[in-house]
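Structure, as structure tokens:
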Amino acid sequence: AGTSTRGISDEQFGGHFRAGWLDQSWRIYTEYTDLGDNFNPEVGFVPRVGIKRSKFHFEGNPRPERWGIRMMEPMWNVEYFTDQNGRLVSRRYHHMVGTRFDNGAYLNVMFNRNFERLDEPFRVTRDVVIDPGDYSFWNLNIRFNSNPARRFFYGLSYAPQEFYDGDRTDWSLNAGFRMNDQIATSARFSKNDVALPAGDFTAEIGSFQLDYGLSPTMSLRSIMQYNSSSDQWGTSARFRYIYRPGSDIYIVYDEVRRDDTILVSPWVEQFRERQLIVKMT
């Protein structure tokens, strides 16, 4: 792929190669990506340019047929990022074992070793900045989800880890309940505790979702979320009408507001954004 930017004549090309083997028991592939420094896809499908990325992935799918296990998913991959001069800027060794049980539950254990080279200061929050340099760190993540097809379902995750030159602990809890064949609710809460030499901070996100099936062709979904890092509430409601198989009408209302009040009235919350969207396919 190539882009054309006025005033620039070189390093505007990008390419991607993938070769793999896939069957019922194995998934093996390798990838290589090369994106020039001036490759500029305006629609934004490339998150980072000026890099060369190499990846090798190895995954098996054994079925032990014992201990209530339906299938296991051991996985290993390595991913390298260099700049256009071949200098290493990022690397990740990824190890994972996922286990799917006969009752629909899922257990996932993941361990990564990371390397990151920062050429510029990395601003994590408004008050916490990580200095340029080379950083090696690891992270562990343990996640369990119950059978999502049951009336009550839940999920738990715990992730102790290093984070650049400090430490970080993430955990989350989610739960859902289907009241009947029309109404279902779910809630989620996650917390990130980060301790760095430059400063400590905590980020929390909570959300609540309600799904209501008015009929086989009409449904309503509402989501409310709070983010402590930006001190913002977000609310979204979506109505969907299937007026013909494969054809839909969506009506969506979104709003984002801060938790503080405006000067005009101490009883009115400050709305930062409101939008109404209508979409038809």
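Report, by residue number, each residue of the range 114-134 that is of a type outside the set (D, E, K, R) and more than 18 Å from the chain's Cα centre (by Cα). Correct list: 115, 118, 121, 122, 125, 128, 129, 130, 132, 133. Could you list, in sequence order, all residues of the range 1-40 that are among the hydroxyl-bearing types (Ser, Thr, Tyr) and loosely packed, with under 13 Cβ neighbours inside 10 Å? 4, 5, 9, 25, listed by residue number. Being open to solvent by 30 Å² or more (accessible area, probe 1.4 Å), modelled with pLDDT under 95 and β-branched (Val, Ile, Thr) is a property that holds for residue 43. Out of contact with any Gly (no Cβ under 8 Å at 6 or more places or on another chain), basic (Lys, Arg) and farther than 30 Å from residue 75 by Cβ: is that true of residue 18 in this structure? Judged against the criteria, residue 18 is not a match. The listed residues are 111, 137, and the only one of them that is aromatic (Phe, Trp, Tyr), under 18 Å from the mean Cα position of the chain (by Cα) and not in a loop (DSSP other than H, G, I, E, B) turns out to be 111.
State all residues of the range 114-134 that are of a type in the set (Asp, Glu), assigned to a strand (DSSP E or B) and surrounded by fewer than 16 Cβ atoms within 10 Å (Cβ to Cβ); if no residue qualifies, say none. The one that is of a type in the set (Asp, Glu), assigned to a strand (DSSP E or B) and surrounded by fewer than 16 Cβ atoms within 10 Å (Cβ to Cβ): 134. Against the list (1) crowded, with 16+ Cβ neighbours inside 10 Å; (2) in contact with a Leu (Cβ under 8 Å, 6 or more places away or on another chain); (3) among the basic types (Lys, Arg), the condition residue 48 fails is (1).
Listed conditions (1) over 28 Å from residue 32 (Cα atoms); (2) out of contact with any Pro (no Cβ under 9 Å at 6 or more places or on another chain); (3) not in a strand (DSSP E or B) are all met by residue 86, apart from (1).
The values are calculated or read from the model by the stated rules, or taken from the named source; none is laboratory data. The structure presented is a predicted model; accordingly, all values stated were derived computationally and were not measured. So basically every Cβ, Gly included, is an ideal-geometry build from the backbone, and we count neighbours across all protein chains shown. For accessibility, only protein heavy atoms count, side chains too; no ligands or nucleic acids. Shrake-Rupley method; radii C 1.70, N 1.55, O 1.52, S 1.80 Å.
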